[in-house]
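Novice: Dropping a structure here in structure tokens format, bear with me for questions.
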Amino acid sequence: MTATVLTIALFLQLPDTLAAASVSAARLVSPPTEVTSGERLQRAVTLPDAIREFSGIQIRDYGGAGGLKTINVRSLGSAHTAIFLDGVPIDNAQNMQVDLGRISTTALERVELYQGQRSELLQSAREYGSASSLHLVSALPPAGQTFRIHLHGGAFGTVAPQASWERGWGEHFRSRLQIAGSHAHGRYPFHVRDYRNTPEGMQGYDTLMVRENGDLRSVQALAQLFYLREGGRYELSARWYDSERGIPGPVYKQADMYPLSTDRQEDRDLAVQASGEQRLNDRLRMLLRAKYANDYLSYLDVSELDPAVEARWNYLQQSAYLSAALDWEASPWLHLGGALDGQLEHLDAQVSASRRTLFAALSGTLLKDPWRASLSVQYQRSAGAGRYSFLSPALLVNWHPAPEWEFGGLVKRSCRLPSFNDLYYSNVITRRLEPEYVWQAAARWSWKKILGPWTFNAREELYYNWVENKLIAVPNGSLFRWSMYNIGGVRIFGDEISAGATYTRGPWTGSATARYSYQWAQDTETLGQIPYIPLHSAHFLLQGAWKNLSLELQGFLCSERFTSSTNRPDFRIAPWSCWDIGLSWELRGLSLGLQVKNLFNEQYQIIRQYPMPGIHVLASIDYSF
Amino acid sequence: MKKTTLLVFSAILLACVAGCNKENASEIQGFTGIEVEVGESNGSNKLLILNEGAFPGASTLDLLDFKTKKYYADIFGQANPTVTQGLGNTGNDMAVSAEGNLWVLMNASNQVAVLQLPSFTLLRTLDVEAPRHVVMDGGNAYISSYGAAVYGSGTEVNGKVYKINTSSFESTSVEVGFQPEGVAVSGGKLYVANSGGYNWVHDNRISVIDLSSFRVEKQLELPVTNLNMLYAMGGKLWVNTYGESTWSQDGEGNWVQDISAPMSLSMVKADGSAQTIAGVHADKMVLSGASIYAIGNNAEMEGGYDICLYKVSTADGSFTTTHFADSDLSRTGYAYGIYVHPQNGDIYICDASFTAGSKVHCFSPELKWKWTVDTGVGTGHLLLW
């Protein structure tokens, strides 16, 4: 395998993510901001549950079994976060909203969030271009043979079975086959309430309603083949996702005799990707990646007043992607890299749109411990849906002066193109849309200390983001239609602080972690906080384990938000807190889990008028042999 | 702290005002409002302001009392704090019945809210599918309704007009054209403008309903399509259109909207012949006295932006044009609604925003600015009462 002269840079992780540190890439300039891996990742089952504790992110969640879930990192909007599976992008040219709820975590080894960019020595040109990136890394199947069956269910009538078969074939090949299904009726009770001060005292209403038309049925399959050889690793994967769901829509006043929404959505996504990494000689390594994706979506707009009246909207997106990259070790402390990617994207709907994009990147990486730095520039040029070209330069620096201390920073400019929807479906665009530009600057410190059975750690990152030509998408009646408006500029100042302690003695392990994030995201026109960004958010995690029994309590806190950057009460969404408790037990390949979510039955909304479920219970059983 | 002081002050003031005017049955009582500078009393008139809200946010109803110079925000919510989800969503029109009740059409909620005045208490909600416009005549409310139509459906669904007795609330309906909008009563007939906005090919018909039989008598076919608001005056019908546009992609892949027909104003004579008033781009309009007051973009065909106020004589279709940019009207950001005081000729313009608060501006008949009040979200409809 790859010989490396470098020490592990990724030494500072929160207790729950320590497992990742030893396997995480040793060739990075800066460690990821957040990592999740191991059992905790496995127990989450879906990606949004695995990452929602990450600092500085919002998971936009429309609630329930089939509700769309997207990621927004440091107030920049989901389009500025690139999502990569084994280095290959997962994207959506139509609306740049990747539904994380469709991504299963059971075949993943770890999930990492990087600010700026991941700073691998060998990576594709696209990996240099986003304001932040979420990397999903597949677990390498073991050399032997493993079968795994998994079943979870409970709340919302969820029954979700899954089976996988992993095996090694001789010295060089490993494979994985996985199939998963999910079925849920999606119903849950919620309260609609509002009280006001009146001359007669507090008066108002509190009505119990039931969320309807949130059912989901999905099937997904994954086939992966890995080929390992001297100085090289190759992977071929195919993924299939098929689903049919109800779209419950926002909750608003509806005449008693009619349902709120009867709309349906069908999805069928197919993706095939191949990648290979090979050491060519002592100093040169090469990477090749390719992908084809074919995503079909059919939206059925059914009249709430008469189920016989409907309109069907079909969308077929295809994307082809090819990437080649080189890493040259110019000297033991200097690496030079170059990469070239091409992507074709095509949308077939009532109208069609195509985009051809070329990405080229150059980078230089200094590895002279305790100093590490990388300077890179990405050039992007696209034609088809508007002609755009721009440069994204980035500088990452890391200083590791003592085992306990690490300091780092980044400066970057990046950009995102208007999506096909931005360009057309918004209906309000009458002129050329400009791309969104983002300037980022960030500085961080981290500290870690081991004292007997105790491990302490702390971390802080301060950042300033500046966005020009910010485009904001707001759902307009249905999840699939958005109204678009350009609110000019946004300046974002943020601070992320986390601290944790772990205690281990004999069969006992205990840990406590707290994360706090401050995001001041000001619209430069209205001077108000931009839509959907809380000023304060926090996460608390308490874990305790005795032998093979573990207990976990976590809490999420979020301050008020507004749906418009004019922060008047009409647009306010109330603050919320939500606490979950989880219990798991493991013995010889069998593990049982029980989770009680929203323990205190908080009635809250992440997206305005999309009520989140109250207290609910999920149970799981997992058996590997 | 300031808020509390203001609240206490208003409460004291309110108590005083209420105490001093017990003889007046239409006096606004028991509500919390704020003082506004409107500089006039306009007799005992009050201005009802319907804010559509930013969907899925609810609509609100506000009231401006000229006499006491007070503005009451969300007066429906104040009067009916226990009504679940308030007034409902996307108020589209309102009218006062002979009984003195206020009928508010809630388009997205598929309801009509009937409120008692001046208490603003909810008397009744009536189920009407996607109600659009209302006209009161002879003890009945006539309400146009989209029915169960869905945009882009292969199935074209006729809209309806409901006839609802304003005291007994007995209801009947008759099918008209596609996605009916404006309604007007004249000479024993009810006229309904059909838009067909949800269909691939838009509607061009005015449905004529005989009021005694409540049957569609005939459909007047116009040379223009996508009909919108409708008024009857001077033995003629006045109808405006939403216009027509197509989208195409330019060489660089940008989507460009091409406007193929303007937002026009047409005069329809008794014999069904129609004449478009060339040069009037009527997006929103209102009839007052013998004139139609319309607002629209005079430069829409050239892709420009030149919002104008047109005052059209219903006698002969002659009109005057005032460019917003050249007058006091320029303080309007987004002109989303227009209303005219029937007695003094003052012009009220809704300056709407769906991402911030809106405003209502008042101008004299000579179009000089008089006053402005801050309103709710998406202010679109006004009514003097």
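Novice: Could you check how many residues of the stretch A:250-284 are within 29 Å of the chain's Cα centre (by Cα), of a type in the set (D, E, K, R) and open to solvent by less than 40 Å² (accessible area, probe 1.4 Å)?
Specialist: Counting residues in the stretch A:250-284 that are within 29 Å of the chain's Cα centre (by Cα), of a type in the set (D, E, K, R) and open to solvent by less than 40 Å² (accessible area, probe 1.4 Å) gives 3.
Novice: Going through A:246, A:276, A:186, A:214 one at a time, which residue ends up being closer than 30 Å to residue A:159 by Cβ, of a type in the set (Gly, Ala, Ser), in contact (Cβ under 8 Å) with a residue 40 or more places away in the chain and part of a strand (DSSP E or B)?
Specialist: Selected residue: A:246, the only one of A:246, A:276, A:186, A:214 that is closer than 30 Å to residue A:159 by Cβ, of a type in the set (Gly, Ala, Ser), in contact (Cβ under 8 Å) with a residue 40 or more places away in the chain and part of a strand (DSSP E or B).
Novice: Within the stretch A:350-373, which residues are away from every other protein chain (no Cβ under 14 Å), open to solvent by 40 Å² or more (accessible area, probe 1.4 Å) and in a strand (DSSP E or B)? Don't jump to the end; show me each part of the working.
Specialist: Narrowing the stretch A:350-373 to residues away from every other protein chain (no Cβ under 14 Å): A:358-373.
Of the ones still in play, those that are also open to solvent by 40 Å² or more (accessible area, probe 1.4 Å) are A:358, A:362, A:366, A:368-371.
Within the stretch A:350-373, A:358, A:362, A:366, A:368, A:371 qualify.
Novice: Ok, one more. For residue A:88, are the conditions met, namely being in contact (Cβ under 8 Å) with a residue 12 or more places away in the chain, surrounded by fewer than 21 Cβ atoms within 10 Å (Cβ to Cβ) and hydrophobic (A, V, I, L, M, F, W, C)?
Specialist: No, not satisfied.
Novice: Hey, could you check the stretch A:169-191 for residues that are open to solvent by 20 Å² or more (accessible area, probe 1.4 Å) and among the aliphatic types (A, V, I, L, M) and say which is nearest to the other protein chains (Cβ to nearest Cβ)?
Specialist: That would be A:179.
Novice: Go through the stretch A:141-170 residue by residue and tally those that are without any contact (Cβ under 8 Å) to a residue 40 or more places away in the chain and over 19 Å from residue A:595 (Cα atoms).
Specialist: Adding up the residues that qualify gives 11.
Novice: Taking the criterion of being over 25 Å from residue A:36 (Cβ atoms) and either in contact with a Gly (Cβ under 6 Å, 6 or more places away or on another chain) or assigned to a strand (DSSP E or B) (or both), would at least one residue in the stretch A:613-625 satisfy it?
Specialist: Taking every residue of the stretch A:613-625 in turn, at least one turns out to be over 25 Å from residue A:36 (Cβ atoms) and either in contact with a Gly (Cβ under 6 Å, 6 or more places away or on another chain) or assigned to a strand (DSSP E or B) (or both).
Novice: Then there is this: Anything in the stretch B:141-163 that is more than 9 Å from every other protein chain (Cβ to nearest Cβ), open to solvent by less than 40 Å² (accessible area, probe 1.4 Å) and without any contact (Cβ under 8 Å) to a residue 40 or more places away in the chain? List them, or say none.
Specialist: B:145, B:159, B:162
Novice: At least 3 residues that are open to solvent by 10 Å² or more (accessible area, probe 1.4 Å) and not acidic (Asp, Glu) in each: list the strands (runs of 3 or more DSSP E) lying fully within the stretch B:339-385 that qualify. Break it down stepwise before answering.
Specialist: Numbers: elements: B:347-351, B:359-363, B:369-374, B:379-384.
Because the criterion is at least 3 residues that are open to solvent by 10 Å² or more (accessible area, probe 1.4 Å) and not acidic (Asp, Glu), the strands (runs of 3 or more DSSP E) in the stretch B:339-385 that meet it are B:369-374, B:379-384.
Conditions (1) in a loop (DSSP other than H, G, I, E, B); (2) more than 14 Å from chain A (Cβ to nearest Cβ); (3) modelled with pLDDT under 95, marked per residue:
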| residue | (1), (2), (3) |
| --- | --- |
| B:55 | yes, no, yes |
| B:68 | yes, yes, yes |
| B:81 | yes, no, no |
| B:99 | yes, yes, no |
| B:125 | no, no, no |
| B:133 | no, yes, no |
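Novice: Taking residue A:347 as meeting all but one of (1) farther than 30 Å from residue A:612 by Cβ; (2) more than 14 Å from every other protein chain (Cβ to nearest Cβ); (3) part of a strand (DSSP E or B), write down the number of the exception.
Specialist: So residue A:347 meets the others, but not (2).
Novice: Still on this structure, please answer the following. Tell me yes or no: at least one residue of the stretch A:318-333 is open to solvent by 50 Å² or more (accessible area, probe 1.4 Å), touching a helix residue (DSSP H, G or I) at 6+ places or on another chain (Cβ under 9 Å) and farther than 30 Å from residue A:244 by Cα.
Specialist: Checked the stretch A:318-333: no residue is open to solvent by 50 Å² or more (accessible area, probe 1.4 Å), touching a helix residue (DSSP H, G or I) at 6+ places or on another chain (Cβ under 9 Å) and farther than 30 Å from residue A:244 by Cα.
Novice: Something else now. Filtering the stretch A:557-584 down to residues that are open to solvent by 50 Å² or more (accessible area, probe 1.4 Å), over 18 Å from residue A:193 (Cα atoms) and at pLDDT 95 or above, which residue is farthest from the other protein chains (Cβ to nearest Cβ)?
Specialist: A:583
Novice: How many of the residues making up the stretch B:282-295 are in contact with a Pro (Cβ under 8 Å, 6 or more places away or on another chain) and at pLDDT below 95?
Specialist: Qualifying residue count, the stretch B:282-295: 1.
Novice: Can you name the number of the only condition in (1) touching a residue at least 12 places away in the same chain (Cβ under 8 Å); (2) on the phi > 0 side of the Ramachandran plot; (3) surrounded by fewer than 20 Cβ atoms within 10 Å (Cβ to Cβ) that residue A:506 fails?
Specialist: (1)
Novice: May I ask you to verify whether residue B:203 is charged (D, E, K, R) and either in contact with a helix residue (DSSP H, G or I) (Cβ under 7 Å, 6 or more places away or on another chain) or open to solvent by 30 Å² or more (accessible area, probe 1.4 Å) (or both)?
Specialist: Answer is no for this residue.
Novice: Now, a different point. Could you tell me how many of the residues in the stretch A:229-240 are open to solvent by less than 50 Å² (accessible area, probe 1.4 Å) and modelled with pLDDT under 95?
Specialist: Of all residues in the stretch A:229-240, those open to solvent by less than 50 Å² (accessible area, probe 1.4 Å) come to A:231-232, A:235, A:237-238.
Checking the rest, the ones that are also modelled with pLDDT under 95 come to A:231-232.
Matching residues across the stretch A:229-240 total 2.
Novice: Right, next: Would you mind stating whether residue A:295 is in a strand (DSSP E or B), open to solvent by less than 20 Å² (accessible area, probe 1.4 Å) and modelled with pLDDT of 95 or more?
Specialist: No: the conditions fail for residue A:295.
Novice: A further question follows. Tell me, which strands (runs of 3 or more DSSP E) lie completely within the stretch B:178-262 with 3 or more residues that are of a type outside the set (S, T, N, Q)?
Specialist: Working: elements: B:180-186, B:189-194, B:205-210, B:215-221, B:227-233, B:236-241, B:244-249, B:255-261.
The strands (runs of 3 or more DSSP E) meeting that bar are B:180-186, B:189-194, B:205-210, B:215-221, B:227-233, B:236-241, B:255-261.
Novice: Only one residue in A:109, A:166, A:120 is open to solvent by 20 Å² or more (accessible area, probe 1.4 Å), acidic (Asp, Glu) and not in a strand (DSSP E or B). Which one?
Specialist: A:120
Novice: Considering only residues that are out of contact with any strand residue (DSSP E or B) (no Cβ under 8 Å at 6 or more places or on another chain) and in a loop (DSSP other than H, G, I, E, B), look in the stretch A:569-609 and name the one that is nearest to residue A:554 (Cα to Cα).
Specialist: Going through the qualifying residues, I end up with A:601.
Novice: Would you mind finding the one in A:529, A:554, A:543 that is within 14 Å of chain B (Cβ to nearest Cβ) and either modelled with pLDDT of 95 or more or in contact with an Asp or Glu (Cβ under 8 Å, 6 or more places away or on another chain) (or both)?
Specialist: Going through A:529, A:554, A:543 in turn, just one is within 14 Å of chain B (Cβ to nearest Cβ) and either modelled with pLDDT of 95 or more or in contact with an Asp or Glu (Cβ under 8 Å, 6 or more places away or on another chain) (or both): A:529.
Novice: Let me ask you something else. Of all residues in the stretch B:237-252, which are among the polar types (S, T, N, Q) and touching a residue at least 24 places away in the same chain (Cβ under 8 Å)?
Specialist: Across the stretch B:237-252, the qualifying residues are B:240, B:241.
Novice: Is it the case that some residue within the stretch A:198-221 is open to solvent by 80 Å² or more (accessible area, probe 1.4 Å), polar (S, T, N, Q), modelled with pLDDT under 95 and closer than 30 Å to residue B:73 by Cα?
Specialist: Checked the stretch A:198-221: no residue is open to solvent by 80 Å² or more (accessible area, probe 1.4 Å), polar (S, T, N, Q), modelled with pLDDT under 95 and closer than 30 Å to residue B:73 by Cα.
The values are calculated or read from the model by the stated rules, or taken from the named source; none is laboratory data. All values reported here derive from a predicted model rather than from experimental measurement. Here the Cβ is made from the backbone with ideal geometry for all residues, glycine too, and neighbour counts use every protein chain on show. Ligands, DNA and RNA are excluded from the accessible area calculation, which covers all protein heavy atoms including side chains. Shrake-Rupley method; radii C 1.70, N 1.55, O 1.52, S 1.80 Å.
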